[in-house]
Amino acid sequence: MDLALAVRDVLLVPRCAGCGEPGSWFCFACRDQCEPVAHDGRLALRAAGPHAGPLRAAVRRLKYGGEPGLAEELGALVALEVARDLAGGVTLDAIVPVPLHRLRAAARGYDQAALLARAVALRAGLPLRATLHRIRGGRPQVELDRAARAANIRGAFVAEAGALRGLRVAIVDDVATTGATLKDAAAAARAAGARAVRAYVVAVEE
Ligand SMILES: [Zn+2]
């Protein structure tokens, strides 16, 4: 093959982050493998699928591959779960990203949760309210003594007082592992005045 054509293909043709097939950032075959997950606890959680298989590969590429096109397609999967809830009678007023610490985002060059949330907001037709800020970069909990640990968990996020007053919000992140980060972000959203919080992620660890 002509080298210029080969280079063009590598640069311009999207490849599925799940299986490598050219043509899209996340192909239909891989989408078909995603079984949406719904957890209804104190914080309702929806995911496009378990953190496994092609979805796990796609999330890894989103986090470490620097591919905004992938955020669009994975955001579309998350937006489907938002749409499913809206069709089921849930009311949402705004989409709120669960942000990286700004230093970590700066080191990575982007914040994948912010990109995802923007894609979800556009597709769901809801306003984006980037009101949460992470004030800790996720220092390993084991380093902290008990009192400091409790403070860390409550204090990982801050939001301006009243920034989400009266709103029913959907917080958006890439992966739910233990759920601690989402609970923490939800607490910060409530502290900022949100009257209802639901969580939406691409993949959930099961
Ligand atoms: Zn695929």
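Any read-out appearing in this document is the output of simple, stated calculations on the displayed coordinates, not a laboratory observation. This one's a predicted model, so the numbers in the text were calculated from it and none came from an experiment. Ideal geometry is used to build each Cβ from the backbone, glycine not excepted, and the neighbour counts take in all protein chains shown.
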The extension gain from A87 to R190, computed as 0.36 nm times the residue separation minus the Cα-Cα distance, is 34.7 nm
C19 versus L3: modelled label distance in nm, points set 7 Å from Cα along the beta carbon direction | 3.3
Hydrophobic long helices for the chain, i.e. whole DSSP H runs reaching 20 angstrom or more by Cα along the axis with Kyte-Doolittle mean at least 0.5, come out as 68-87
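With the contact rule set at Cα under 8 Å and sequence spacing of 6 or more, what percent relative contact order holds for the chain?
That works out to 23 percent.
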Vicinal HN-Hα couplings computed from phi for region 19-35 (Karplus, 6.51 cos²θ - 1.76 cosθ + 1.60; Hz; Gly/Pro x) = 10, x, 4, x, x, 7, 6, 8, 6, 5, 4, 6, 4, 4, 7, 8, 9
Starting from the amide H of E21, placed 1.01 Å from N in the peptide plane, find each other amide H under 5 Å away whose residue is 5 or more places distant or on another chain.
-> C16
Sites H133 and H39 - FRET efficiency at Förster radius 25 Å, r taken between beta-carbons, to 0.05 | 0.45
Can you tell me the equivalent ellipsoid semi-axes for region 36-204? Use √(5λ) from the Cα gyration tensor, largest first, whole Å.
-> 22, 20, 15
